[in-house]
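*Asks:* Shown below is the structure under consideration.
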Amino acid sequence: MSLRAATVCLAWLLSVTAPAMARAADFEFWYAHGGLYAQAIDELCAGFNQGYPQDHVHCLPQGTYEQTMRKAVAAYRAGQQPAVVEIYDIGTADMLHSDAIYPVDALMHDTGHATDDADYLEGIRRFYATVDGRLLSQPFGASTLVLYGNRKKLAAAGIRELPQTWEAFGQALQALKAHGESCPAVADYTPWKMLDQVSAVQGAPIASAHNGHDGLAARYAFADGIHRRYMRDVARWHAQGLLLPAILTHANDQSLAFADGECAMAIDATGAYAIVTKAGIVDAQVGPLPVYAGTTRYGNTIGGSSLWVLKGKPAAAYPAVARFLAYLRQPQQQVFFSARTGYLPLTHDAEQQLARSPAESDAIRVGLASMAGPGNPYNAGVRLGFMALFRVIWQEEVQRALAGRESMDDALQHAQARGNLLLERFQATYADSREDAP
Amino acid sequence: MKTSARFHGRWTPLALGLPQLLLIALFFYWPTLKGLWWSLHLVCPFGHCSRFVGMGNYVRELKDASLYASLLTTAMFSLCGVGLSVGVALLLAWMVELHHRSGKLFRYLLIWPYAVAGSVLGVILRVAASPSIGLMGYLNTLWPGFWQPHLNGTQAMAMVVFAFAWTQIPFDFIVLVAALRSIPTDYVAAAAIDGAGPLRRFIDIQIPMIRPQLFFVATINLIDSITNSFAIVDTMTQGGPGGATDILAYKIYRDGFIGLDLSGSSALSILLMLLVLAASAVQFAVFERQAKREA
């Protein structure tokens, strides 16, 4: 390389790196989405970088929720952690006890951002709040379960409105089948939907100690309540070919199998509505998740992710992180994200703003309405350790029952017993750390 | 004549071996020691707390019924996988050797699949084996409800065994072709003159003469099936349905990396390492005996 070329190169390098070094605060945000969702997040980040020229956030996708959590753990152990990371709901217990976080409420207080947790929708606040009501992370992607129906197919089978009870749902499945539908309804048989959400809307306990919200002593207690009743129905619907596993559909995916008109009904997250409308094939009708006839309907809970701030970055980064979190919490950013992805708005003002805008989808409207029901100690989701492993166990046992290798009742008992061994160990692992750290 | 080259002095050989030793230390000994340490503690994922529990993790894992289910699954998977891959590779090698002219072409063609990574193959076969849209789904149009790998554990196991054999056959094939070619042609020719057909020659002359190589590929396959097959399981079945393909390597991965159960998964890793060490020890012992017999 000639001397001149080298000088040009050097000058270019300096021009590129110098502003970066001069910036007050650079920090990384790791998120756990791809596709449509990642695009929306990237646009949020670009908006922040434009509006706050003294700060700079690097938004980096890290794969699935599981991969992001795993990478955050490895990065923290190696001292290479990002300042902000998006962690899925079932990682909440791990994060609370991790001793690796800068609690978001403390961060906002320390950096002079006045925040009021009462701004959050009650269902969302309670899902993440600690025993003493603190929010140590900032809720981000939240969705809840609703019932989707293909208006044309339901009408053809003589079903006027979406079933509100599981009994009516079962009858609707029969009617659709009798009318010649090959796929009356589709499900992916995942525990978030079949255990967490179905139990929450019935206010039925999944575990003791308020589903684990009260501390590490919680143990599973779902095997002989509403969940058993529901899973017996599910097993029957499965055996009769009324509730098809997603893998048996041509789309091989629950949301797509409904969106492409193959299946007449689907129990799916509010976020799936974005896929349904984008496909534009079916006239979708959305209703709340059914409950059993004669039982009380409680407000449904959410699933999704929240943003955690990790310790150990230079002090100068945290004011910028706080500005970023405050920016994401602005109603207009929430409305933008919600309209693009189908995730729910998080705060009351964002909810109202969205309700006035044409961007509010039926799914979000129904989802928010279903969350507004009365509360009880068990409708705020679960806060339990080793949840990722427990979900594998639940699926394993339920698959066995569906294949006829054990009864559904036994499957749930086994899942509960095996889950409790995990909880015992989680409690023993964190026995020395304070109950409600930090 | 000097039969072995020797480096003089103490430092030259050490210096030459150093890069490899460093790599082994960094990627084998250090993680193994760390795993051993973790397996004796209850550790938090983020590393701020750990409690010594002695053999507690081992006792717990050894009392867990899912470990034995997983061991049984691993044994099934290994035996079927090794049997299928060695058997098919042997058959192919024999057939290629039968016809020299076309054999050369097929030798190259059959080596190609070796370049396909396990996870890529898993994704391809997962689609092919889908009960609704895959090739195998066609069976369901003939006999509705016949092909259900998402419910039927035996079918799911057949699927991963097939995928595993697919990844191993090329390597086995190369070794076995070389082995067959190393047999002096006199033996085979003499047998042919005596009137032995290709099959008789194969069974009575060729197979006995390549027994060491057969044993070698079987051992390599076995160790691979125990330690290195999680990519296939991860992409195809994730251990399901109902734990039917939950081989030990996958269980360790899932407990440690998805479940963040570092202690339990470390204890299992150490157990798995002991298992592989035992398998290797048997291999060495047999080789040793064979070498002595031949000497």
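*Asks:* Going by alpha carbons, how many degrees (0 to 90, nearest 10) lie between the helix axis of A:362-371 and the longest principal axis of chain A?
*Replies:* That works out to roughly 80 degrees.
*Asks:* Please work out whether region A:301-383 counts as rounded, prolate or oblate from its C-alpha gyration tensor, where a ≥ b ≥ c are the square roots of the eigenvalues and a/c under 1.5 means rounded, while otherwise a/b larger than b/c means prolate and anything else oblate?
*Replies:* Oblate shape, in that a/c is at least 1.5 and b/c is the bigger or equal ratio.
*Asks:* Could you work out, residue by residue across A:246-252, how many beta carbons of other chains sit within 10 Å of that residue's beta carbon, and then give the average as an integer?
*Replies:* Shielding by partners across A:246-252 averages 5.
*Asks:* I would also like to ask the following. What 222 nm value per residue comes from the helices of the protein assembly as shown, counting each DSSP H run with n ≥ 4 as -39,500 (n - 2.57) and dividing by all residues, nearest 500 deg cm²/dmol?
*Replies:* Counting only the DSSP helices, I get -17500 deg cm²/dmol.
*Asks:* Let me ask you something else. Give me the one-decimal nm value for the distance between modelled label points at B:D186 and B:V286, 7 Å along each residue's Cα-to-Cβ direction.
*Replies:* 3.0
*Asks:* Further, regarding this structure: Between the helical axis of A:35-51 and the dominant principal axis of chain A, each derived from Cα atoms, what acute angle in degrees is found, rounded to the nearest 10?
*Replies:* Helix A:35-51 and the main axis of chain A meet at about 30 degrees.
*Asks:* Loop only by DSSP, 11 or fewer other Cβ within 10 Å of the Cβ. Give me the trypsin sites (Lys or Arg not before Pro) in region B:1-93 that pass, ordered by residue number.
*Replies:* Counting only loop positions with at most 11 other Cβ atoms within 10 Å, the trypsin sites (Lys or Arg not before Pro) in region B:1-93 are B:K2, B:R6, B:R10.
*Asks:* How many nm separate the modelled label positions at B:F7 and A:T296, each set 7 Å beyond the Cα in the direction of the Cβ?
*Replies:* If labels sit at B:F7 and A:T296, their model points lie 7.9 nm apart.
*Asks:* Now for a separate question. In region A:119-172, what GluC sites (Glu not before Pro) fall in a loop by DSSP, with at most 14 other Cβ atoms inside 10 Å?
*Replies:* Filter output for region A:119-172: A:E161.
*Asks:* How many Cβ atoms of partner chains, on average, are near each residue of A:425-431 if near means within 10 Å of its Cβ?
*Replies:* 5
*Asks:* Okay, moving on. Taking neighbour Cβ counts within 10 Å as the exposure measure, how do B:V59, A:V276, B:V53 sort from fewest upward?
*Replies:* B:V59, B:V53, A:V276
*Asks:* Let me ask another. For A:K153, go through the lysines and keep the ones whose alpha-carbon is under 19 Å away, minus same-chain ones fewer than eight residues off.
*Replies:* Excluding near neighbours in sequence, the set is A:K177.
*Asks:* Please list the non-local residues whose amide H lies under 5 Å from the amide H of A:H179, H modeled 1.01 Å from N, same-chain partners needing a gap of 5 or more.
*Replies:* Hits under the 5 Å cutoff: none.
*Asks:* Taking 25 Å as R0, compute the FRET efficiency from the Cβ-Cβ separation of A:Q330 and A:A355 and round it to 0.05.
*Replies:* Efficiency computed from Cβ-Cβ geometry: 0.90.
*Asks:* On to the next question. Please compute the Kirkwood hydrodynamic radius over region A:112-227, one decimal place, Å, based on all pairs of different Cα atoms.
*Replies:* Result for region A:112-227 stands at 17.4 Å.
*Asks:* Collect residues whose amide H, placed 1.01 Å from N in the peptide plane, falls under 5 Å from the amide H of B:H41; neighbours closer than 5 in sequence don't count.
*Replies:* B:V53
*Asks:* Pairs to check: A:K311/B:K63; B:K104/B:K251; A:K193/B:K251; A:K311/B:K34; A:K278/B:K251; B:K34/B:K251. Give those whose C-alpha atoms are more than 31 Å from each other in this structure.
*Replies:* From A:K311/B:K63; B:K104/B:K251; A:K193/B:K251; A:K311/B:K34; A:K278/B:K251; B:K34/B:K251, over 31 Å: A:K311/B:K63; B:K104/B:K251; A:K278/B:K251.
*Asks:* I would also like to ask the following. So what are the ³J(HN,Hα) numbers for region B:230-237, from phi and the Karplus equation (6.51, -1.76, 1.60; θ = phi - 60°), rounded to whole Hz, Gly and Pro as x?
*Replies:* 6, 4, 5, 5, 4, 7, 9, 10
*Asks:* Indicate, rounded to the nearest 5 percent, the antiparallel portion of the DSSP beta bridges found entirely in chain A.
*Replies:* 60
*Asks:* Calculated FRET efficiency, A:R134 and A:L421, Cβ-Cβ r, R0 25 Å, to nearest 0.05?
*Replies:* It comes to 0.25.
*Asks:* Considering Cα pairs under 8 angstrom that are at least six residues apart, work out the relative contact order of region B:38-294 and quote it in whole percent.
*Replies:* Relative contact order comes out at 29 percent.
*Asks:* Separate question: For labels at B:M76 and A:Q413 in the simple 7 Å Cα→Cβ model, what's the distance in nm?
*Replies:* Between B:M76 and A:Q413, the label points sit 2.4 nm apart.
*Asks:* Moving on to the next point. From the backbone phi of region A:77-88, what are the Karplus-calculated ³J(HN,Hα) couplings (6.51 cos²θ - 1.76 cosθ + 1.60, θ = phi - 60°) in whole Hz, Gly and Pro given as x?
*Replies:* So the J values, rounded to whole Hz, are 5, 8, x, 10, 6, x, 6, 10, 9, 8, 10, 5.
*Asks:* At a Förster distance of 22 Å, what's the computed FRET efficiency of B:L16 paired with B:L274, Cβ-Cβ distance as r, to 0.05?
*Replies:* 0.10
*Asks:* Also: Could you bin all the Cα-Cα distances of the protein assembly as shown into 10 Å bins starting at 0 and give me the percent of pairs in each, rounded to whole numbers?
*Replies:* Reading upward from the zero bin: 3, 12, 20, 22, 19, 13, 8, 4, 1, 0.
*Asks:* Also, quick follow-up: First check a/c for chain B, with a ≥ b ≥ c the square roots of the eigenvalues of its C-alpha gyration tensor; if it is under 1.5, answer rounded, and if not, answer prolate when a/b is larger than b/c or oblate otherwise.
*Replies:* oblate
*Asks:* Same structure again: For region B:11-145, what relative contact order do you get, as a whole percent, if you take Cα pairs closer than 8 Å and at least 6 residues apart?
*Replies:* Averaging sequence separation for qualifying contacts and normalising by length gives 7 percent for region B:11-145.
*Asks:* Still on this model: Could you work out the relative contact order of chain A? I mean the mean sequence separation of Cα pairs under 8 Å and 6+ apart, divided by the number of residues, in percent.
*Replies:* 24
*Asks:* Looking only at other chains, what is the average number of their beta-carbon atoms within 10 angstrom of each beta-carbon in A:230-237?
*Replies:* 0
*Asks:* Then there's this: For every other residue with a beta carbon closer than 10 angstrom to the beta carbon of A:R400, add +1 if it is Lys or Arg and -1 if Asp or Glu, then tell me the sum.
*Replies:* Around A:R400, the surrounding residues sum to -3.
*Asks:* Next question, about the same structure. Count neighbours as other Cβ atoms within 10 Å of each site's Cβ, and list the chymotrypsin sites (Phe, Trp or Tyr not before Pro) in region B:4-76 that are DSSP loop with at most 14 such neighbours.
*Replies:* Sites meeting the loop and neighbour criteria: B:F7.
*Asks:* Using per-residue counts of other Cβ atoms within 10 Å, averaged over each peptide, order B:197-205, A:88-96, A:38-46 from highest down.
*Replies:* A:88-96, A:38-46, B:197-205
*Asks:* Could you state the principal axis extents of the C-alpha atoms in region B:206-295, from the largest down, to the nearest angstrom?
*Replies:* That works out to 52, 27, 17 Å along the principal axes.
*Asks:* Can you tell me how chain A classifies by the Cα gyration tensor, rounded, prolate or oblate, using a/c under 1.5 as the rounded cut?
*Replies:* prolate
Values in this text are rule-based calculations from the coordinates and carry no lab data. All values derive from a computational prediction rather than experimental measurement. Every residue, glycine among them, receives a Cβ derived from its backbone with ideal geometry; neighbour counts consider all protein chains shown.
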